[in-house]
1. For Ser21, Ser190, what ranking results if the residue with the fewest other Cβ atoms within 10 Å of its Cβ goes first?
2. Run the reach check for Lys179 against lysines, Cα to Cα strictly under 30 Å, same-chain hits fewer than 8 apart removed. What comes back?
3. Run the count for the stretch 189-291, please: Lys pairs, Cα-Cα under 27 angstrom, 8 or more apart or on different chains.
4. Sort 210-217, 127-134 by the packing proxy (mean of other Cβ within 10 Å over each peptide's residues), most packed first.
5. How high is the relative contact order of the stretch 189-291, in percent, with contacts defined as C-alpha pairs under 8 Å that are six or more residues apart?
6. Show me, for the stretch 100-116, the HN-Hα J-couplings you get by feeding each phi into the Karplus relation (A = 6.51, B = -1.76, C = 1.60, θ = phi - 60°), rounded to Hz, glycine and proline as x.
7. Under 10 Å, Cα contacts only: if you run a Gaussian network model on the chain, which one of Leu222, Leu57, Leu192 comes out with the highest mean-square fluctuation?
8. If you bin the C-alpha pair distances of the chain every 5 Å from 0, what whole percents do you get?
Amino acid sequence: MLPGMTAKPRVAIVGAGNFGSALALALSQAGYVIETVIARVRGEALRDGSLKRAQKLAKMVGARLPHDLSWVRAELIWFCVPDAEIARAAKSLAKKIEWKGRVALHSSGALTSDELEVLRRRGAAVASVHPLMTFVQGSRPSLAGVSFAVEGDQAAARAARRIVKAVGGRAYSIRKKDKAAYHAWGTFASPLFTALLATSEQVAALAGVNRKAAKQRMIPILRQTLANYAAFGAAGGFSGPIVRGDVDTVKRHLRVLRGTPAAEVYSALARAALQYLPVKNKKSLKRILDSSRI
């Protein structure tokens, strides 16, 4: 923490998108005062959500929604805007607020704390603090047990770790050079996993099952797959024709998927299985996958 900063500093949230809203509510529930929700910079609404959403969030957490930022007294200001907006928002606020002695955080998974360099030069301690969690409209997941990757100035990182602990999360340090790979990992764990589910719905259509029914019927196997992964890891939770080395079944799969985007997804994931998971008849399966390339 910075000298003179209380154990639970007042917080200003920049942006009222999915993560900003979830964070503000979690902090409020953990006993932090959300002083301000900043949704406008130089009279323009930030691009992460409507002003109406910001007004609703401010009301929920008892915060103000100011037009004049000169009176902002929050010791910690958290930028919850899209990656492309972080540096722009920081630059816009640099002269609006006195930054000396304050902490500025952003929550990009791919970008480093250097996005807030303009505020660092004005005396703020800065850090990036990214939760390995998905946030979508209409859902506010708990932050309890969520891992947060923290990188930045020592004082800001220390303040961030206290906050993460207060909301029930788990903070760990990450190097600047590892952030892109870290974010790619998170993208595999959620957005691309969702893309896989969307692809699965398209394959279900080939079997005569519509999207709504496919989702309902997949939920039990998805839940059990995640439970198996949690209990036994990837190798122990892997099942199906590839782990058995069932060459004929894989041929049938490739035949029915031929000419669809799902064929490329199937082949890519099957190759990953050959590389990372216990599989029988690897050489035969590799030959089949190689011969299926267009």
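Values in this text are rule-based calculations from the coordinates and carry no lab data. These numbers come from a predicted model, not from an experiment. Backbone-built Cβ (ideal geometry, glycine too); neighbour counts: all protein chains shown.
1. Details: Ser21 24, Ser190 14.
Fewest-to-most ranking of Ser21, Ser190: Ser190, Ser21.
2. Lys8, Lys91, Lys95, Lys96, Lys100, Lys165
3. Details: Lys215/Lys251; Lys251/Lys280; Lys251/Lys282; Lys251/Lys283; Lys251/Lys286.
Qualifying lysine pairs in the stretch 189-291: 5.
4. Numbers: 210-217: 12.2, 127-134: 22.1.
Result, highest mean first: 127-134, 210-217.
5. 27
6. Those phi angles translate into 4, x, 9, 10, 10, 10, 9, 10, 6, x, 9, 9, 8, 5, 5, 4, 9 Hz.
7. Checking each option, the largest mean-square fluctuation is seen for Leu222.
8. 1, 5, 10, 13, 15, 12, 9, 8, 8, 7, 6, 4, 2, 0, 0
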